[in-house]
Structures are given as structure tokens and as C-alpha cells.
Amino acid sequence: MSPIRPGPGFDGALFQELADPLLAAGEVEEGTIMGFPCLRTSSGEFLAMAEHRSGDLIVKVPANRVEELVEAGAGLPFAPAGRRFREWVHVPGRDPRLWQTLLDEGRAFVDGSSS
């Protein structure tokens, strides 16, 4: 995966650790979104990226799942430049199980097998 242009305090190690096996297996491919490296499914749909300042996970999941995560305190609305993306959630912290679960949910969602 291409190196992400990090900001101060950036820690992309967990994102990279979870992305590498997916990339190696051909389950996802690299792309760019908003000028930063991201993961895309084989169909070309955007899936996830590491937030460029912190390295936190930003992942695309169904809108109701975003709301569940925000209400539970596990996620934050993703709103770059003040515009909220209803199917994207910003997941701070470094919980490998949660991140892996969300990457799996996101892949199913963007590939159309979940809604």
C-alpha cells in the first residue's frame, strides 16, 4: 500500500496491518479518495481509509450502522469540510476486532450483499 501522507500524531499501523492481507489476497485494491490512499473493492467502490491526521479508520457502512456506532460512542460522524457523509463513519481508537468487523461489514455493503 502506498504510504499515507501523515500529519502530526498519525498512527496508521493498525490500518496497514488490516489492509495488507486484504490487498495480498486481491480482496481489495488501492485507490485514492480526497487525495489520500484508500481501499476499494474489486468493483471499484470506495471502502475505507486511514484518517490522514490520526490514522483512525474511516469506513463505509450502511447509514443505520453509522448511527448505531455513533450512538454507542464507538464512532463519529464523518463530515469533512462540514458536509456529513451518512454512510461513512470515523472510528477513533485502536480496536483491531472492531476495525476488522467494520471492514468486513463495509466490504459486504459496498459489494451489494448487505444494505
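Each value in this text was obtained by applying a stated rule to the coordinates, not by laboratory testing. Worth saying up front: this structure is predicted, and the values here are computed from it rather than measured. Don't worry about glycine lacking a Cβ; one is built from the backbone with ideal geometry, like all the others, and counts go over all protein chains shown.
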What whole number of Å gives the distance from the Cα centroid of segment 19-39 to the Cα centroid of segment 82-115? 14 Å
Just VAL61, VAL70, VAL91 to compare: in a GNM of the chain, with alpha carbon springs under 10 Å, which one fluctuates most? VAL70
Full-stretch length increase - ALA108, PHE36 - with 0.36 nm per residue and alpha-carbon distance subtracted: 23.7 nm
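Sort 76-84, 8-16 for me by packing, meaning the mean count of neighbouring Cβ atoms within 10 Å per residue, highest on top. Walk me through the numbers on the way to the answer.
Details: 76-84: 11.3, 8-16: 14.8.
Per-residue Cβ counts within 10 Å, averaged per peptide and sorted highest first, yield 8-16, 76-84.
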So, R0 is 30 Å and r is the distance between the beta-carbons of ALA25 and GLU87; what FRET efficiency does that work out to, to 0.05? 0.75
Karplus couplings for segment 94-107 from phi (6.51 cos²θ - 1.76 cosθ + 1.60, θ = phi - 60°), rounded to Hz, Gly and Pro as x? 10, 9, x, 5, 4, 4, 5, 4, 5, 5, 5, 4, x, 4
Segment 13-92: Rg to Rh, with Rh as the Kirkwood radius over Cα pairs: 0.96
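Quick one: net charge of VAL66's neighbours, Cβ under 13 Å, K/R +1, D/E -1?
On the way: positive: LYS60, ARG65, ARG84, ARG86; negative: GLU67, GLU68, GLU71, GLU87, GLU105.
Combined, the nearby Lys, Arg, Asp and Glu give -1.
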